[in-house]
1. Within the stretch 145-156, can you find the residues that are open to solvent by 70 Å² or more (accessible area, probe 1.4 Å) and within 16 Å of Gly205 (Cβ to Cβ)?
2. Looking at (1) open to solvent by 30 Å² or more (accessible area, probe 1.4 Å); (2) modelled with pLDDT of 95 or more; (3) more than 30 Å from Met26 (Cα to Cα); (4) not hydroxyl-bearing (Ser, Thr, Tyr), which one does Asp137 not meet, given that it meets all the others?
3. Taking the condition of being in a strand (DSSP E or B) and not small (Gly, Ala, Ser), how many residues in the stretch 164-187 meet it?
4. Against the conditions (1) over 18 Å from the mean Cα position of the chain (by Cα); (2) surrounded by 15 or more Cβ atoms within 10 Å (Cβ to Cβ); (3) within 24 Å of Tyr34 (Cβ to Cβ), where does Val219 fall short? Just the number, please.
5. Applying the selection to the stretch 64-77, what residues are open to solvent by 80 Å² or more (accessible area, probe 1.4 Å) and under 18 Å from Val171 (Cα atoms)?
6. Test of understanding: among Thr96, Thr80, which residue is part of a loop (DSSP other than H, G, I, E, B), surrounded by 13 or more Cβ atoms within 10 Å (Cβ to Cβ) and modelled with pLDDT under 95?
7. Would you point out the residue of the stretch 157-214, among those that are of a type in the set (Val, Ile, Thr) and within 24 Å of Leu29 (Cβ to Cβ), that is most open to solvent (accessible area, probe 1.4 Å)?
8. Only residues that are more than 18 Å from Glu208 (Cα to Cα), within 25 Å of the chain's Cα centre (by Cα) and assigned to a strand (DSSP E or B): list them for the stretch 125-140, please.
Amino acid sequence: MDRNIHIALNNMRNVSTELSVNAQNMANLNVPGYRADLSVTREAKFLEAFDQFRSRVFSQQSDGALFSSEQGGLQSTGETMDVAIRGDGYFYIAPTAGGDAALSRRGDFGLDADRFVIDGAGNRLLDTELEPIQLPDARRVVIEETGQIQLELQGLPEGTFVPGPIIATTVAEDIQLIKSVDGHIRPAAPGGLPEPDQRARLSQGFLENSNVNTITALVENIENQRQFEMSVKFISVAQELDEGTSQLMRLPNG
């Protein structure tokens with residue numbers, strides 16, 4: 001009976017994790033380029049380390065979260081600093097909170113007070129040397145699909161462009177990517193980010209929407225709530241059966 005209760009409690013923990021993942025995804029529904037977290041981020045662990053029966057297992061949250069790589073819809077904004085990746089690929093960013101460089105699909109770029117290119121969360125965009133991109137004052141900024149930035153600088157004749165930095169991109173082919181504990185995308189295996197390969201294709205004046213599917217998330221929430229309720233009922237039934245068994249064992253011998 002104890003084993004049945006253990007299974008039910010473990011299932012309740014799993015459902016609670018999945019509900020949290022869904023809530024996280026829904027909260028980032030309107031974040032450009034957001035990649036939906038997947039709930040299959042658990043791994044089985046034996047209780048042997050806790051001097052328990054080896055037959056007992058429980059699920060444990062892994063250090064990195066898997067995510068959906070499905071592309072979100074592209075939205076035309078006409079804004080010069082909005083850039084979307086068509087198909088596979090990632091930008092390189094330096095997180096605003098510090099830490100190692102990471103990959104991103106977020107393309108709502110702008111300039112900070114020092115004219116560094118940053119995304120909507122304040123992370124700095126990196127060039128092919130993996131250095132933050134800083135732009136001079138310019139009348140126009142044109143971003144080619146290869147990531148090359150062309151600048152129409154102040155003081156030069158109109159229509160005269162000079163090449164600027166190149167936005168670093170990678171398709172991260174044959175590399176498993178996860179979201180680190182800080183929420184940024186990095187390779188699952190140690191060794192740092194892959195080298196820029198410039199194979200991604202960019203579209204200036206577009207934004208990629210989040211790839212969170214609202215309907216799917218809502219349906220999963222309903223299903224998870226039902227599973228949680230069933231587990232609670234299962235524990236209640238198991239308790240009743242346990243009490244009934246105890247009463248039978250206390251019956252006097254005839």
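The values are calculated or read from the model by the stated rules, or taken from the named source; none is laboratory data. On a predicted model such as this, the values are computed, not experimentally measured, just so you know. Note: ideal-geometry Cβ built from the backbone for every residue, glycine included; neighbour counts use all protein chains shown. Just the protein is used for accessible areas: all its heavy atoms, side chains included, with ligands, DNA and RNA removed. Shrake-Rupley method; radii C 1.70, N 1.55, O 1.52, S 1.80 Å.
1. Scanning the stretch 145-156 gives a single hit, Glu145.
2. Just one mismatch for Asp137, condition (2).
3. Residues meeting the conditions: 11.
4. (2)
5. Listed by number, the residues that qualify are Ser69, Glu70.
6. Thr96
7. It comes out as Val181.
8. Correct list: Leu126, Asp127, Pro132.
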